[in-house]
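Asks: Pasting a structure below so you can have a look.
The values are calculated or read from the model by the stated rules, or taken from the named source; none is laboratory data. Since this is a predicted model, take the numbers as computed values, not measurements. With ideal geometry, Cβ positions are generated from the backbone for all residues, glycine too; neighbour counts draw on all protein chains shown.
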Amino acid sequence: MDVEILSRIQFAFTVAFHYIYPPLSIGLGLVMVAMEGMYLYTHQLVYKQMARFWTRIFALTFGIGVATGIVMEFEFGTNWATYSRYVGDVFGSALAAEGIFAFALESGFLGVLLFGWNRVSPRMHFLATLGVWLGSMFSAVWIVVANSWQQTPAGYHIVGEGLQARAEITDFWAMVFNPSSVDRLLHVWIGAFLAGAFLVLSVHAWYLLHNRYVELSQKAFRIALAVAAVSALAQLFTGHHSAEGVAHNQPAKLAALEGHFDSLAVADMYLLGWVDKKREQTYGLKVPGGLSFLLHQDFKTPVRGLRAFPANERPGAVNTIFQFYHLMVAIGMFLIALTLYAVWQWWRGRLFSQYWLLWVFVWSVILPQLANQAGWFAAEMGRQPWVVYGLLRTSDALSKAVTANQVWFSLIMFTLIYALLFALFLYLLNKKIQHGPDELLQEGHRPLQEGISDWWVGKKKY
């Protein structure tokens, strides 16, 4: 394989591995805020107990997320020097804003979150938890803004020519609010909420099935289910709005996502299928005119397909893009059905008597992660052959001094190191889950046992 393909594989691998952890941190942060908010509202120590437990898991995901994210910054310089020069002004502004407005807020409150349980007041600790969560949200803002600018550039002009050309910001806020940034940010945020909420649902469903921490797990499960149900429904709307933006700003990408080849024709919506790129045909289960209806509320309105674009400006791996996109959509629809069914069982008072449903939640922890990964791969592969859409081709963005052997060596080393990190993460996560929440002591040093009445706990203050 040549340097371009190897460098793309290396960057995709490091980004995909890193992207396991930030969504978990953002989603867990939201659930932890809800748990501590319930503790402040009810004074029931069971909510403090669960919040302390999830703080430990949050710290684990946060630490590995920071460590794995550093690698990508070096890859910009080693493998993608031309790209770094071209977008340095844009990326530099966004990453500086992340450091000033996001990472400082997040790291500043992190120490209080982790070590301040018995050193600050409950309200101050709640504010620290809120600060860490907001910091993680703001961090996602600037990363998504930088990436969205590559999809839909705005607020810039080009300085220089040839290999020395670079994009220079002329309007900072136009760069921030480029045509795709808000839609993509909402989509990313909600995907993170789902990732964190389903981790909580999985762990507490497992506890309930094994009759451990029953009272605590029922309360934690309800909190996470509320977050998951609202997020799953919201994701449907943000996804639709984002697709409308792609249709307007990146029509070739949309055509690849849906396997639509005709230059200008009514577009079907495939529920599942297979794309034959050589024959320029898509086969599968479809809704005739469905894509036309989603975009224009009319089954007869034509949509531009891949043949409307020059061959050298079309995404390459059309079937792969198609499969990733439809995997994301299928998982999203399943999560909506699952969470709404669980909410219905909750309303009927039968949520925790449906053992098969609890087992589904135990294993569904992987689904939001798969959907997040599939969505990112579809978006990034659909942008090809551009690394900055319409301005800089991926093939022109490479470092000129890097050889294929060097990329091979670093890719192998990253694979080994990341495999060890992932094994360590799973080991530590499993160890914390097996250990479970610590017991808390009430006034008078009486242990908080499972099954203690909500009335008695509600009368006590820690």
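Asks: Kindly establish whether Val407 is touching a helix residue (DSSP H, G or I) at 6+ places or on another chain (Cβ under 6 Å), closer than 21 Å to Tyr83 by Cα and modelled with pLDDT of 90 or more.
Replies: no
Asks: If we scan region 356-366, do we find a residue that is over 27 Å from His260 (Cα atoms), assigned to a loop (DSSP other than H, G, I, E, B) and under 20 Å from the mean Cα position of the chain (by Cα)?
Replies: Yes, region 356-366 contains a residue that is over 27 Å from His260 (Cα atoms), assigned to a loop (DSSP other than H, G, I, E, B) and under 20 Å from the mean Cα position of the chain (by Cα).
Asks: Filter region 183-222 down to the residues that are touching a His at 6+ places or on another chain (Cβ under 9 Å) and hydrophobic (A, V, I, L, M, F, W, C), then identify the one that is surrounded by the fewest Cβ atoms within 10 Å (Cβ to Cβ).
Replies: So the residue we want is Leu186.
Asks: I would also like to ask the following. Among the helices (runs of 4 or more DSSP H) confined wholly to region 94-180, which include 1 or more residues that are in contact (Cβ under 8 Å) with a residue 60 or more places away in the chain, surrounded by fewer than 21 Cβ atoms within 10 Å (Cβ to Cβ) and over 28 Å from the mean Cα position of the chain (by Cα)?
Replies: Filter on region 94-180 gives 122-151.
Asks: Here are Leu421, Leu357, Leu340, Leu428: which of them is of a type in the set (A, V, I, L, M, F, W, C), surrounded by fewer than 20 Cβ atoms within 10 Å (Cβ to Cβ) and without any contact (Cβ under 8 Å) to a residue 60 or more places away in the chain?
Replies: Matching residue, one of Leu421, Leu357, Leu340, Leu428: Leu357.
Asks: While we're on this one: I need a count of the residues in region 208-266 that are more than 30 Å from Arg307 (Cβ to Cβ) and either part of a loop (DSSP other than H, G, I, E, B) or modelled with pLDDT under 90 (or both).
Replies: Here the count works out to 4.
Asks: In the list Tyr283, Tyr270, which residue meets the criterion of being assigned to a strand (DSSP E or B) and crowded, with 16+ Cβ neighbours inside 10 Å?
Replies: Tyr270
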